Amino acid sequence: MNVITSGPGAYDLPSPDPLRLTQWLGKTTESKFIKLIDIKKLDGGALHENWICRYLFGDGLFKGEQEFVLRMAPLNKLPQSLTLNQEYELLQFLNERDISVPRVFFLAPPSTISDNEVLFMQALKGTTSPMELLKNAHTSESENTMTRLLGQHLARIHNIEFKAGILKFLKKPKVSPVQQNLVLFEKILDTVLSPLPLLEWAVRWLNKNEPTEQDIRLSHGDLRVGNIMFNNTSLTGILDWEFASWSDPLEDIGWLCARCWRYGNDNKRVGGIGELNDFINGYDEISKRTTNWSKLPYWEILATVKWALIAHQQGQRHLRDRKKRLELLLTGQKADEIEHDILTQIKKFDGTGHAR
């Protein structure tokens, strides 16, 4: 086996180790000749590290050059997130149903390549960069196309209903999707280091104004610009499924449309990319259910409360972890701004779809 242990990115690779990675991959793919051409860390990923590597195969399961994305199991998993093994099973399930997600190849067990599991996935073409996507979207034709496509793809996900025996690791909530979120919010409030009175009040407001109609469908759990890949105006993949659950579809849509995920482009309600009407047209074209869009503002407020709590959690992770990360620090510092946004949204809320 021809193994390369150095090269672009390899010097900065504490995990996975290039030698262990190449040896394991060669054995798994039954390749007698395998050469690591390039490996580098991808941007983003507050919870998981993601790396992209390119190999040259002489024989075995692959021939010629092949790219993989390596998704690393986190050292400190959040209670509400899936394990990497569960995410692997979910992606296999979604691939079988023609949902636009990366193909999964292998799941390396702990202590083979890294201390924890490593998931080998297809490297999709395109970008998830919010700034690039917003730039591509802001021509009238591209904006309409991208927003409508996003609605269609999300509707395909939400057409998946709960059935006994599928995705057993995703438990059907015993309470409503709103109450399931509020239970989590209360747990976070109980564990943060300092009191958060505004968020405690916001949780009570959400409880008091809970919609009477709620549905249960497969939900991504973190659907936003940054986890959606476009190649020009074509949607090539929906990524990062570690927060998937059975929930109301409007939870996903509220998260996508929340002001905190518009990246400063507040007049484009759908992720800063486009207009809500274009999204609704695409969504309703594919959806097998009728959506009460007047309830969306409530779910946007719930999303903003959730993000404020996560921001406080991330800020505390920065203080707690030995390895300091600028991303966690900056996220924590945004918490006050997000709390102000909660007050603004609730003030405008009238329950008829007019909150912005």
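Some observations on this one:
- Pairs are defined by a Cβ separation below 7 Å, a sequence spacing of at least 6 or placement on different chains, a first member in segment 27-56 that is in the same structural domain as Tyr88 (by TED's automatic domain parsing) and crowded, with 17+ Cβ neighbours inside 10 Å, and a second member that is in a strand (DSSP E or B) and among the polar types (S, T, N, Q); the pairs so defined are Tyr55/Gln66.
- In segment 186-233, residue nearest to the chain's Cα centre (by Cα) [restricted to those that are among the hydroxyl-bearing types (Ser, Thr, Tyr) and surrounded by fewer than 20 Cβ atoms within 10 Å (Cβ to Cβ)]: Thr233
- Consider segment 19-70 and keep the residues that are out of contact with any strand residue (DSSP E or B) (no Cβ under 8 Å at 6 or more places or on another chain) and acidic (Asp, Glu). The one that is nearest to Ser111 (Cα to Cα) is Glu30.
- Residue satisfying condition, being charged (D, E, K, R), more than 18 Å from the chain's Cα centre (by Cα), over 17 Å from Trp241 (Cα atoms) and part of a loop (DSSP other than H, G, I, E, B), within set Lys32, Lys27, Lys40: Lys32
- Members of segment 261-306 that are among the aliphatic types (A, V, I, L, M) and farther than 21 Å from Thr128 by Cα: Ile280, Ile286, Leu296, Ile301, Leu302, Val305
- Segment 286-315: number of residues that are in a helix (DSSP H, G or I) and polar (S, T, N, Q): 4
- Residue pairs meeting the criteria (Cβ under 7 Å; at least 6 apart or on separate chains; first free of Cβ contacts under 8 Å to residues at least 60 places away in the same chain, in segment 199-217; second assigned to a helix (DSSP H, G or I) and among the hydroxyl-bearing types (Ser, Thr, Tyr)): none
- Tyr283 meets all of the listed conditions (1) in a loop (DSSP other than H, G, I, E, B); (2) on the phi < 0 side of the Ramachandran plot but one, namely (1).
- Contact annotation: residue pairs with Cβ atoms under 8 Å, 6 or more positions apart or on different chains, pairing a residue in segment 122-151 that is β-branched (Val, Ile, Thr) with a partner that is assigned to a helix (DSSP H, G or I), are Thr127/Leu133; Thr147/Ala137; Thr147/Asp278; Thr147/Phe279; Thr147/Gly282.
- Selected residue (only one of Gly60, Gly64 is of a type in the set (Gly, Ala, Ser), surrounded by fewer than 18 Cβ atoms within 10 Å (Cβ to Cβ), outside the structural domain of Leu256 (by TED's automatic domain parsing) and touching an Asp or Glu at 6+ places or on another chain (Cβ under 9 Å)): Gly60
- Answer from Thr145, Thr112 - the residue that is surrounded by 13 or more Cβ atoms within 10 Å (Cβ to Cβ), among the β-branched types (Val, Ile, Thr) and assigned to a helix (DSSP H, G or I): Thr145
- Screening Leu223, Leu198 for residues that are at pLDDT 95 or above, part of a helix (DSSP H, G or I) and out of contact with any Cys (no Cβ under 8 Å at 6 or more places or on another chain) leaves exactly one candidate, Leu198.
Results for (1) surrounded by 22 or more Cβ atoms within 10 Å (Cβ to Cβ); (2) of a type in the set (Val, Ile, Thr), shown as yes or no for each residue.
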| position | (1), (2) |
| --- | --- |
| Leu235 | no, no |
| Asp252 | yes, no |
| Arg262 | no, no |
| Asn267 | no, no |
| Ile286 | no, yes |
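- Hits in segment 120-171 (condition: in contact with a Leu (Cβ under 7 Å, 6 or more places away or on another chain), over 30 Å from Gln214 (Cβ atoms) and not polar (S, T, N, Q)): Phe120
The values are calculated or read from the model by the stated rules, or taken from the named source; none is laboratory data. Values in this document were obtained by computation on a predicted structure and should not be read as measured data. Quick reminder, even Gly has a Cβ in these numbers, built from the backbone with ideal geometry, and neighbours come from all protein chains shown.
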